[in-house]
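Enquirer: Got a structure for you, questions after.
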Amino acid sequence: MSENCAARLTVNGSPEDFLGDPRRSLLDFLRLDLKLTGTKKGCDHGQCGACTVLVNGQRINSCLSLAVMHDGDEITTIEGLGPASALSELQRAFVTHDGFQCGYCTPGQICSAKAMLDELAAGWPSAVTKDLTSGPIPSDEELSERMSGNLCRCGAYPNIIDAIRAVMQAEEPA
Amino acid sequence: MRAFDYARATEAAEAVGSDARLLAGGTNLLDLMKLEVETPARVLDINRTGLDRIEADGEGLRIGALVSNSACAADARVRADWPLLAQAILAGASPQLRNKATMAGNLCQRTRCQYFMRTDTRCNKREPGSGCDALEGVNRNHAILGASEACIATYPGDMAVALAALDAWVEIDSPSGRRSVALREFHRLPNGIAHRDNVLEPGEIITAITLPAPVRGRQIYRKVRERSSYAFALVSVALVLRMDAGRIAAAQLAFGGLAHKPWTDSRVAEALLGQKPSPALFDKAADLLLSGAQGQGENDFKIPLARRTLAAVLHDATKE
Amino acid sequence: MLTTYDTPDQRNLLDRTGQGIIGAPLDRPDGPLKVAGQAPYAAEYDLVGCAEGVLVGAAISKGSIAAIHRDEVLAMPGVLLVLSDKAMLRRPAQGGAAQAPAQDVRQIDYHGQPVALVVAETFEQATAAAKALRIDYDDQSGSGRFDPDALDFAPGEEPTVLGDIDEAMSKAAHRVDETYRTEGHASAAMEPHAAIAQWDGDDLTLWGSLQMVAPNVKELADSLRIPDARVRIVAPYVGGGFGSKLGISHEGVAAALAALELQRPVRVTLSRQQVFETVNRRSETRQRVRLGADAGGRLLALGHEAWISNLPAEDFAEPVTQATQFLYGGDNRYLAVLKGEITRLTAGSVRAPGEAVGMQVLESVMDELAHKIGIDPIELRKRNLPARLPGQDLPYSSRKLFEAMDEGGAAFGWSKRKPKPCMTRDGEWWVGMGMASAARVNMMQPASAQVRLEADGRVIVETDQTDIGTGSYAILGQIAGEMLGCPMDRVEVRLGDSRFPAGAGSGGSWAASSTGSAVFRACESIRIELAGRLRIDSEALELSGGIARGAGKEAPVTRLLAGAPLERIGRIKPGKTADNYAQASYGAFFCEAGVNAFTGEVRVRRMLGAFGFGRVLNAKTARSQCLGGMVWGIGGALSEELQFDPRDGRLMNHDLAEYHIPVNRDVPPIEVLLLEERDAAASPIQAKGAGELGICGTGGAIANAIFNACGVRPRHFPITPDKLLAQLPDPFAEIAS
């Protein structure tokens, strides 16, 4: 049992082969095998969101997924959004608006926010969307509900919403 | 996590008759495997079996077993005609989990009883015959309806509560062929055999959930919890209700957080039918719902909470 | 220059250096690395051949290990070692202990206590083997004490007794005598405790997630029975602490022992459940508060007694009455903390020990008194601010409580508050407003830091001070930049390495004022040296843009340096100013809360905090600290509660799904007002503690808003729906009107 299993993934644009113990989570594959430690382990049980990455553009908890399940998938981690020397707009907004303190939940928050903006653009509803048939209005409550899968013990939530809001406003057509 | 053999299925038929645990989104199974509450020797990954389509089914809808919770809630038909289902899905878990969690997996979600989830306690659900440490333990989240000395766990999900109110059916492929089970009959009560959550037999696979034709009326899913998001329900109510000339013309209800299954009680709707809405009527409905309710001490509050939540939802659905 | 701080430094030098750096809302210099995922936390160093260790928790509550079936798991794939050792930690070290905590895991003090470490080649192998390890116990759980209401209580310290409280209560025109409860809390920092240990001969390097490096070195060395000089701790980035990483805990010693045994690096990370089960909790409390006031609302009697718990032989007692000592007047006082021994995991410091739970109760009872007297809660507080510290006749160093209440109240719209409950309904929701004072004792800790002016004019600050999200990187750099006239892009701050001079560590809100003062003093030494080289008095020296000026003279700093760096270590430790003044940070909270008329759910709708904590060193990071504190206040008020099994004291809600810290949606828009203040008695940079103030009273403001909304006075935190339901008014009564 636990014989080596294989999968080929694309991580931040590079092909990566997984060959190993099927118990290895996508999170541990990224952190331990690929040394992409930007994705954080906060609970290992899908209860905090620190391990959020994008799989084929959608945000998921990488702790509750096996690496071997992702054959053929495209994974984007915080390292794929931008290095410190060339931050993406969202990453810069988190710095400007102090959308973090200790920084441990931050890569997960940012990956989550990126996908969240795409979900909003696609018109996906949330638990606070008043009218399910028309598109959501991006109120503060909408944004905070949609970001509630990412815990932040430092309590940077209001600043996280400010950072996301700033990016949304910058992207609005003039 | 115990070591296991992993295999990928390319069609659902491979899962039929298999003795492997079926791995879909993994959000519950892998969680429990990490805790060694689940220790399968073989795991069959069914994510590539193509059961991820939402299709019209006469006037109803057939939702593939592997449709993600997010995709279902975002589906235009679901949002327009079965908004209760979208509301219930969106009330549960987090966006990340809903992206991965599947329809069938969510139906099979296991209880959040903390004694079930740790292997160094007595739990009839995890280890039949060992006893129940929740009875005299921390049981604030536990059942007040339909529980037994064997098990006071609750079914933790939201989606299935809405599906029960909507009279959905579960389509199952078994070695002897296809069968369908009413969602209201899919989950079990713990009496006798606490370790079985539902009626799924070994070697069976859920292939789809089917919704009957849309029902007219207001649809409300109300979930009560102290944290405003990313938390399981203390109590939830799913309601479809139609008014006609100031009287309640139709009502379908189901309740979450109260029992080992999404709780339905036909007497509640019957008491409402043809009546003018009033606080007294809502109380009468609650009396029927809670006539057999039994608290364990810490969860006694669920009895008045269920009563008041039902009143809130009925008030909301019947106001002009 | 004297090391101790004996005389208030009234020069306010940082107001005269004129660089516009100090106090400015600058971005965190560590920000880009953090948002890019490139800041390495303890578990993230890539060491060749690193083995993975997983701790095993006790399945009993009290007793000892009879046998460990090592051989069974040593036969499992990849397993290298099973350790159950007398040097392994039974309990985490308390903050500032600087010596080994209780060791020898063959003895068991509480359920879940680490009893063994399993090391394997991979994390998965180690986890599975740890789970499989069979242990036979000599189980004495039956002699455990599990009911916090049925313990033998004894005073932690001598009670504070002034006058005769019973007599004063009996004579009071208005009196409140109520008992409150608060449940236990977890720090729940997002980064689980982690350590990687590597030996080079007799020298140990430990990459750890720790708050106080210098005492942590001593704790680790003492635990391993090696000299301090053999231990290096590296902790440049720490994923939150909130008290839980003040002292070393189980993972570091276990990793070091295993690494020594295996002669290869070993990583040990606590699982989230283990963090909950084995690292410090905040004690549950029972608190009786007695307030007696005269007809004019002036306190005659002030009583605050608290019953808390800890394991046997732990000195730490949640200092519940800490702020009650100095906040309000009343000549007849009785303050006491009584500790009982319980068989639950170790109690210790969790963000704002004492005030976090003491203030939320005191401020709730103050609201009860104001309601009884029929005066505005702000007015009641204003009438009871003593001129000098009760019982000790000391002056207050500075106190912005009046201003916080006035300015905060005005900004919040306090005047719109309805004086009676049940007067505002918004759909299903009763809506109300509440306020509370904020108060947190101010402490300085010994600290040192090195500042080096490089020959090219760049500034390097080095101290073992940690930044656990608090903003140390930002504010220490700003102090140096301001003092040395150096633009921030030429200032570099290096932290969290025991090779650097010992800072104060991150705890008790003291890092900024203590380590900041050490940086300030190092810079002052450099200024004096530069002034000497320019041959002017240092008082006349101006440093700006790389130029030194004064008394008609001027020279580029690089020329004064003449090709050689200038390096100074600054030191400070508390002195007479700590004894001669009552020092604390103050503020006021305002909250609007909704209570669902049907379900009793509570949602905070908006909140404002106005704070005075001396000089603001960085307005952006200071505001974030306040926000974070208030978010903690929401959690403590509404959802956070450690739940223990009544039969064996095991923590049942040991994860983030069941222990409910606030989520984003729980947190409404929050406004923060930072009040201008200079507190020279607190520190030579005139700054006081900021990091914990935001939690010290928040829960009271929320509870008071709940009362104002629906008329139910919650006296048991967290205020979950079950505690309100029975007393809520008829939800339909008001809707009809």
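Enquirer: Identify all lysines with a Cα-Cα distance to residue C:620 below 29 Å; exclude those on the same chain that are fewer than 8 residues away in sequence.
Expert: Hits, sequence-local ones excluded: A:40, A:41, A:114, C:34, C:245, C:400, C:573, C:688.
Enquirer: Whole number please: convex hull volume per residue of the Cα set in the stretch C:386-538, in Å³?
Expert: 218
Enquirer: Dipole size in debye (nearest 20) for the stretch A:84-171 around its Cα centre, Lys and Arg Cβ +1, Asp and Glu Cβ -1?
Expert: With Lys and Arg at +1 and Asp and Glu at -1, about 240 debye.
Enquirer: What helices does chain A hold that run 18 Å or longer along their axis, going by alpha-carbon atoms, with a Kyte-Doolittle average of -1.0 or more, using DSSP H for the helix calls?
Expert: Within chain A the helices that satisfy the rule are A:106-121, A:157-171.
Enquirer: Let me ask another. Let me know the Rg and Dmax you get for the stretch C:372-467 when you use only its Cα atoms, in Å.
Expert: Computed over the Cα atoms of the stretch C:372-467, radius of gyration and Dmax are 22.8, 69 Å.
Enquirer: Would you please classify the overall shape of chain C from the alpha carbon gyration tensor, given that a ≥ b ≥ c denote the square roots of the eigenvalues, rounded means a/c under 1.5, and beyond that prolate means a/b larger than b/c while oblate covers the rest? List each step's numbers first, then the result.
Expert: On the way: a/c = 1.81, a/b = 1.06, b/c = 1.71.
Oblate.
Enquirer: Also, I was wondering about something else. At a threshold of 8 angstrom on Cα-Cα distance, excluding pairs fewer than six apart, so keeping six or more, what relative contact order does chain B reach in percent?
Expert: On the way: 735 pairs, mean separation 55.4, N = 320.
It comes to 17 percent, rounded to a whole number.
Enquirer: Among all helices in chain B defined by DSSP H, which have a length of 20 Å or more along the axis from Cα atoms plus a Kyte-Doolittle mean of at least -1.0? Provide the component values of the computation, followed by the final result.
Expert: Values: long enough: B:302-318 (23 Å, 0.28).
Span-like helices here: B:302-318.
Enquirer: As an exercise, identify the chymotrypsin sites (Phe, Trp or Tyr not before Pro) in the stretch C:259-318 lying in DSSP coil whose Cβ has no more than 16 other Cβ atoms within 10 Å. Before the final figure, lay out the partial values.
Expert: Values: sites: C:276, C:307, C:316; in loops: C:316.
Here no chymotrypsin sites (Phe, Trp or Tyr not before Pro) fit, given the DSSP loop and packing criteria.
Enquirer: Determine the distance separating the Cα centre of the stretch A:20-80 from the Cα centre of the stretch C:304-372; give it in Å without decimals.
Expert: About 43 Å separates the Cα centre of the stretch A:20-80 from the one of the stretch C:304-372.
Enquirer: Return the distance in nm (one decimal) between the two label points of a simple spin-label model at residue C:140 and residue C:261, each offset 7 Å from Cα along Cα→Cβ.
Expert: With each label placed 7 Å out from Cα toward Cβ, I get 2.5 nm.
Enquirer: Grab the DSSP H runs of the protein assembly as shown that are 4 residues or longer, score each as -39,500 (n - 2.57), total them, divide by all residues and round the 222 nm result to the nearest 500 deg cm²/dmol.
Expert: Rounded to the nearest 500, it is -7500 deg cm²/dmol.
Enquirer: For B:84-95, what's the mean count of beta carbons from other chains sitting within 10 Å of each residue's beta carbon?
Expert: Whole-number average of other-chain Cβ neighbours for B:84-95 is 5.
Enquirer: Still on this structure, please answer the following. For the stretch B:5-45, what relative contact order do you get, as a whole percent, if you take Cα pairs closer than 8 Å and at least 6 residues apart? The partial results should precede the final answer.
Expert: Values: 40 pairs, mean separation 24.9, N = 41.
Over the stretch B:5-45, the number comes to 61 percent.
Enquirer: Say the dipole of chain B comes from +1 at the beta carbon of Lys and Arg and -1 at that of Asp and Glu; which of B:153, B:3, B:74 then lies farthest toward its positive end?
Expert: Positive-end residue among those listed: B:74.
Enquirer: Using the crude model of +1 on Lys and Arg Cβ and -1 on Asp and Glu Cβ, and no other charge, please compute the dipole size for chain C relative to its Cα centre, in debye to 20.
Expert: Using only the charged Cβ atoms, the result is roughly 1500 debye.
Enquirer: Let me ask something else about it. When only Cα pairs under 8 Å and 6 or more residues apart are kept, what is the percent relative contact order across chain C?
Expert: 17
Enquirer: Which of rounded, prolate, oblate describes the stretch B:1-121, given a ≥ b ≥ c as roots of the alpha-carbon gyration tensor eigenvalues and a/c under 1.5 marking rounded, otherwise prolate only if a/b is larger than b/c?
Expert: oblate
Enquirer: Using the Cα centre as the reference, give the magnitude of the dipole from point charges on the C-beta atoms of the protein assembly as shown (Lys, Arg: +1; Asp, Glu: -1; all else neutral), rounded to the nearest 20 debye.
Expert: Numbers: 131 positive and 153 negative charges, 345 e Å.
Computed charge dipole of the protein assembly as shown: roughly 1660 debye.
Enquirer: Per residue of A:55-64, how many C-beta atoms from partner chains lie within 10 Å of its own C-beta, taken as a mean?
Expert: Taking the mean over all residues of the peptide, I get 6.
Enquirer: Is the stretch B:5-45 best put as rounded, prolate or oblate by its Cα gyration tensor, with a ≥ b ≥ c the root eigenvalues, rounded for a/c under 1.5, and otherwise prolate when a/b is larger than b/c, oblate when not?
Expert: In terms of gyration-tensor shape, prolate.
Enquirer: Moving on to the next point. Rounded to whole Å and sorted largest first, list the principal axis extents of the Cα atoms in the protein assembly as shown.
Expert: 98, 74, 72
Where a number appears in this text, it was derived from the coordinates with a stated rule and is not lab data. Remember, predicted model here, so these are calculated numbers, not experimental data. Quick reminder, even Gly has a Cβ in these numbers, built from the backbone with ideal geometry, and neighbours come from all protein chains shown.
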